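Written out below as C-alpha cells is the structure these notes cover.
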Amino acid sequence: MSIFLRDVRCAFRALAAAPAFTVAAVLSLAIGIGANTAIFSIVDGLLLRPLPYADAERLVILWNRSPGLNITEDWFSTAQYFDIKNSHHGFEQVAIAIGGNYNLTGEGDPERVGTIRVSSNLPTMLGQKAALGRLFVADEDRPGRTATAVLSYGTWARRFASDPGVLGRKIILNGMPYEIVGVMPRSFSLPREVMPTLDGAEQAEILLPLPLPADAAQNRDHEDYNILGKLKPGVSVQQAQVEMDAITTRLRKEFPEVYPPNGGLTFGIVPLLEQVVGNVRRALYLLLGAVGFVLLIACVNLANLQLSRAIARQKEIAVRTALGATRVRIVRQLLTESVLLAFAGGALGIAVAFLALRGVRLLGPQSVPRVSDVGIGLAALAFTFLICVLSAILFGLAPALRVSRPDMQIALQGTSRTSSGVSAIWGRGNSFRRWLVIGEIALCAMLLIGAGLLIRSFARVRDVNPGFNPRNVLTLELTMTGERYKDKTAVLAAYRELWQRLENLPGVSSAGAVTSLPLSQMFAWGPITVEGRVPPPGEKFINADVRMVSGHYFQAMEITLREGRLFNDEDVASKPRVALVDDSMAQQLWPNQDPVGKRLHIGGINDKDSPWITVVGVVGRVKQYTLDSDSDSRIAYYLPQTQYVTRAMNVVMRSSSDPVALAGAVKQQIHELNPDLPLYNISAMQERFDNSLARRRFTMLVLGTFSAISLGLAVIGIYGLIAYLVGQGSREVGIRLALGATRANIMTLIVRGGMTLACWGVGIGMGGALVVGRLMRSLLFGVGAADAATFIAVPALLTSIAFFASWIPARRASRIDLSTSLRCE
C-alpha cells in the first residue's frame, strides 16, 4: 500500500510540474468520457432498464396487420379481443383499452384531459396498487354499473390539491358524471409511447372502466382498441407468435368477407419495451459507437502527448534506472500518472454528461422516448469507471513501455537521437507516432462521413413537399360536447359561427378544420368500394384514409386543388353525398380518366345500404404520417363535416404574421362562443412540422457534434506531430539548408509528410465508412450509404485541414536560423 501511495504522490508532483499538459489531457478526456457517459445513460434508460411495470419483460402489445391493404399497425375490434383472449394459451392475462380526450368540467376551469378506458384487469396486470381508494373491480367491465373513475396522481394533485376527501366526489366528463373511486400511485405513468391509443392524449390522466356490451364478442367493426398481453412464464414472443398466426389463419377462413385474402391478416406481438423504443434503438447504438470513436481519438492524442513528454523525461528515467529502478517500476509509475489523468477526466466528464443530458431533456420526448427515465445512475457511474481504466491503459501503456528502456549512454550524456539523425523528421524512429495519427484521422473520417450522410438525409427530408404549407398556421383541438351540442344541427351551427368569428380576426385569411391533422399521429381509414371497378380475385374492398373537413380547411393549409371544386355551403345532409380525393387515389383508381363525377361508397362490395358518394374534386396528396416514410402510399379521400357530423375537430387558421400571437384572441372568441368549451394542444403547424423531424435532428446534431470534436482533436494530433518532428529534426533542416536546399524545399518536405499521413488516414477511414454507411442505412433518406457527394466532400475537408495543420509548422521550420540549427546540443 505504501508503494502505491508513493507512486501516487510522485505522479501528482510530476503532473503538477507540467500544468499545460495536465489541463489539456484532463479536458480532452473529460469530453470523451463525458460524451460516452451521457450516451450510455440514454442507452441504459431506454434499452437496458425495464419499464416501470411488474414483470415488464413479459408484457407485450398486439397489433392488427393487413400488409396487403398497406396496414402495418392497426387497432382491434372487440371480437378480435375475445378471439385472442379465448383461443391463445400463451398469455397469462390479456387486457383491452381505448383512449380518448374528454372535456372535464364542473369544479374549476374546463379543460381537455386524456382518458383511457380499460378492462378492470389492466392496472393490476401492470402490477399497480391504488395510492388512495381502490382500482377497478371485475363487475365494472359489465354495462349498467355506476360510472367510476381513477385519477392519475398528477391530476389528483393538480386539479384537487391532493385532497384525500376526493373519493366519492363526482367529475363531469363530456357532460356525464363519474364517481372518483381511487388515485393511481405517483410512479404510475401510461404515456402514448407505451399505449399508442387511436384517439388518446400524450398521457393518460384519468382511467375509466370499459364495460363491453353483450354482443362485443361478435362485433368486428370499429377496430379502435388496444390490446396488451402478459406472457406466461417461459413463453417466448416467438412461441406466442406461432400460436397467434394459427388464430389469424382460422379467422381468414371463417370470415373471408371481413378479412379478405388480399389483406393477409396477421396479429403481431411486440415486446412492450421494443414498442416504446421504436426506431431510436439503431440510432442510439450508432451514437454509442460514435462516442467510442471520440474517446479513442482523444486517447490517441494523449498517447502522442505522453510519448513526447516521456521522451523529454528520458534523462530522469535513465537516472532512476541507473539507481536500480526496474522496468516494471518505471512502467508502473508512468501508468499511475495516466490513471490519475483518466480519473480526473472522468470526474469532470460526469459534469459534462450532466450538462449533455440536460440538453437532451430540453429537446423533449419527440427526440428521445422515456426521456424522464434517463439519468446518471449506478450503471452509468460503473461504466464511467470502466472507461476511465481502459482510457488510462489505452493512452498510457504504449508510451510507458516505449521509454521504459532508455539508451543509458545517450540519456545520461544529455544528448538526443536528433544529434545522430536517427529520429530525423521522417526517420523510422517515429513510425509508431505516425500510425497513431493515421488511426486518428481514419476514425475522424468515419465519423465525419457518417455525420455527412445524416446531414444530407435531414436536408432531403426537410425538402420533401408535405402537400401543405405549415408556415403561419395556428392549430388547436376542439370538441363540441355537453347539453348544448347533443343535436347535430347545433354542432354544425357552432362550427359555422366559429369560422366566421375566426376569419374576422385581424390577419386571419381563412379558417377550417379536419379530423386528422397531418404529422400529428392522427389518422383514420376504412374500406371503400368503387363503382364499376372489377376487383381482382380475393379482393373484397379497397382500404383508404378518410378525413372529415369543415370551413376553409384546404385554403388555410394551402392544399392544392387539382381538378373540380372544393366543398361549399350547398354540400349539406339533405343533398347527395360528395367527396374529394387526393391525386394518389385518383391516379390509382381512375388512371387516364377524369375522376370528377366518379362514385364510391364506404364499405365492402356487399354493403348495399351504404349511399353512393360522388367525387367533385381532386386535391394534392398530403404527407399524413411522416415526411420520411412511404406510409402515405395509402390513398385518401375527404368528406364534408356538414354531411358527416363530427364533434371533435382540429381547427386550423392561416395568418399573415406569427400565428402564435393569435392564441389569445382565438381563446377569447371560443370563450364567447361557449365558456365551457376547453381548447387544447394549441401550437403552430410549423412546430408540428419541426417536431416530426425531432429524432432525425437529434441524431444528426449529436453525431455532428461528436464529429466536430473528433475533427478538432485530429487537427491537434496532426499539428502536434508535425511540430514535434520539426523540433526533433531541426539539425536535419540545418544540414539540408547548408547543402543548398531552399526554404521552399523544406516546406514541401514537411507538408508532403503531413499530407501522406492524412491520405493514409482518409483512405482507411473511407473504407471503414463504407461499412458504417451500410450499418446506418435505415437512418438514411434520399441518399445512399456510399453517397458520392459525402465521400468527396469529407476527404476534401480533411485533407485541406491537414494541409494547413502541416503548413504552419513547416513555415516555422523553413525560417529556422542556420547557425542555431547546426549548433551542437
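The values are calculated or read from the model by the stated rules, or taken from the named source; none is laboratory data. All figures in this text were calculated on a predicted structure; none of them were measured in a lab. We place every Cβ from the backbone using ideal geometry, glycine too, and count neighbours over all the protein chains shown. Just so you know, the surface numbers come from the protein's heavy atoms only, side chains and all, with ligands and any DNA or RNA stripped out. Shrake-Rupley method; radii C 1.70, N 1.55, O 1.52, S 1.80 Å.
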Original post:
When the helix-only estimate is applied to the chain (DSSP H runs of n ≥ 4, each -39,500 (n - 2.57), divided by the residue count), what is the mean residue ellipticity at 222 nm, nearest 500 deg cm²/dmol?
Top reply: -15500 deg cm²/dmol
**OP:** Note down the nm distance, to one decimal, between modelled labels 7 Å out along Cα→Cβ at R282 and at A217.
**Re:** 4.3
Subject >> Per-peptide average of other Cβ atoms within 10 Å, ordering 750-760, 92-102 highest first >> reply: 92-102, 750-760
**OP:** Mind checking segment 508-552 for trypsin sites (Lys or Arg not before Pro) that DSSP puts in a loop (not H, G, I, E or B) and that have at most 14 other Cβ atoms within 10 Å?
**Re:** R533
Original post:
Points 7 angstrom from Cα along the Cβ direction at D163 and T742: gap in nanometres?
Top reply: 9.3
Original post:
In whole percent, what relative contact order does segment 574-711 give with Cα contacts below 8 Å and a gap of six or more residues?
Top reply: 23
Original post:
Which three lengths, in whole Å and largest first, does segment 160-240 cover when its Cα atoms are put on their principal axes?
Top reply: 48, 33, 22
**OP:** Please work out how much length the chain gains when fully extended from L27 to N465, using 0.36 nm per residue of separation minus the C-alpha to C-alpha distance, in nm with one decimal.
**Re:** 153.3 nm
Original post:
If packing is taken as the mean number of other Cβ atoms within 10 Å per residue, what is the order of 660-668, 711-719, highest first?
Top reply: 711-719, 660-668
Subject >> Computed lengthening from L48 to D109, 0.36 nm per intervening residue step minus Cα-Cα distance >> reply: 17.8 nm
Original post:
For segment 1-114, what is Rg from Cα atoms divided by 2.2 N^0.38 Å, rounded to two decimals?
Top reply: 2.17
Subject >> Average accessible area per residue (Å²) across the chain - probe 1.4 Å, nucleic acids and ligands excluded >> reply: 43
**OP:** For L132, enumerate residues with amide H under 5 Å from its amide H, sequence gap 5+ or separate chain, H modeled in the peptide plane.
**Re:** V183
Original post:
For the pair R811 and E57, what calculated FRET efficiency results from E = 1/(1 + (r/R0)^6), where r is the Cβ-Cβ distance and R0 = 51 Å, to the nearest 0.05?
Top reply: 0.25
Subject >> Label-point gap, in nm, between R533 and A694 - each point 7 angstrom along Cα→Cβ >> reply: 3.6
Original post:
Relative to the longest principal Cα axis of the chain, at what angle does helix 431-462 sit, 0 to 90 degrees, rounded to 10?
Top reply: 20
Subject >> Potential extension, A661-W435 segment - 0.36 nm per residue separation minus Cα distance >> reply: 75.5 nm
Subject >> Under Karplus coefficients 6.51, -1.76 and 1.60, residue-wise ³J(HN,Hα) of segment 100-116 in Hz, glycine/proline x >> reply: x, 10, 10, 7, 9, 10, x, 6, x, 6, x, 8, 9, 10, x, 10, 8
**OP:** Can you tell me the relative contact order of the chain? Whole percent, Cα pairs under 8 Å, sequence separation 6 or more.
**Re:** 17
**OP:** Quote the relative contact order of segment 507-638 in percent (integer), defining contacts as alpha-carbon pairs under 8 Å separated by 6+ residues.
**Re:** 35
Original post:
Of the listed peptides 56-64, 588-596, what is their order by residue-averaged count of other C-beta atoms within 10 Å, with the highest listed first?
Top reply: 56-64, 588-596
Subject >> Estimated FRET transfer efficiency when R0 is 60 angstrom, pair N674-N70 (beta carbons, to 0.05) >> reply: 0.90
Subject >> Solvent-accessible area, 1.4 Å probe, carbon plus sulfur percent, for the chain >> reply: 59
Original post:
Is segment 142-203 best put as rounded, prolate or oblate by its Cα gyration tensor, with a ≥ b ≥ c the root eigenvalues, rounded for a/c under 1.5, and otherwise prolate when a/b is larger than b/c, oblate when not?
Top reply: oblate
**OP:** Please tell me which of these pairs span more than 19 angstrom C-alpha to C-alpha: K486/K667; K85/K230; K129/K232; K129/K230; K85/K540; K540/K608?
**Re:** K486/K667; K129/K232; K85/K540
Original post:
Given the convex hull of the Cα atoms of segment 532-615, what is a quarter of its surface area in nm²?
Top reply: 6.4
Subject >> Antiparallel bridge percentage (DSSP; both residues within segment 69-195; nearest 5) >> reply: 80
**OP:** Would you kindly compute the Cα radius of gyration of the chain and its largest Cα-Cα separation (Dmax), both in Å?
**Re:** 34.3, 109
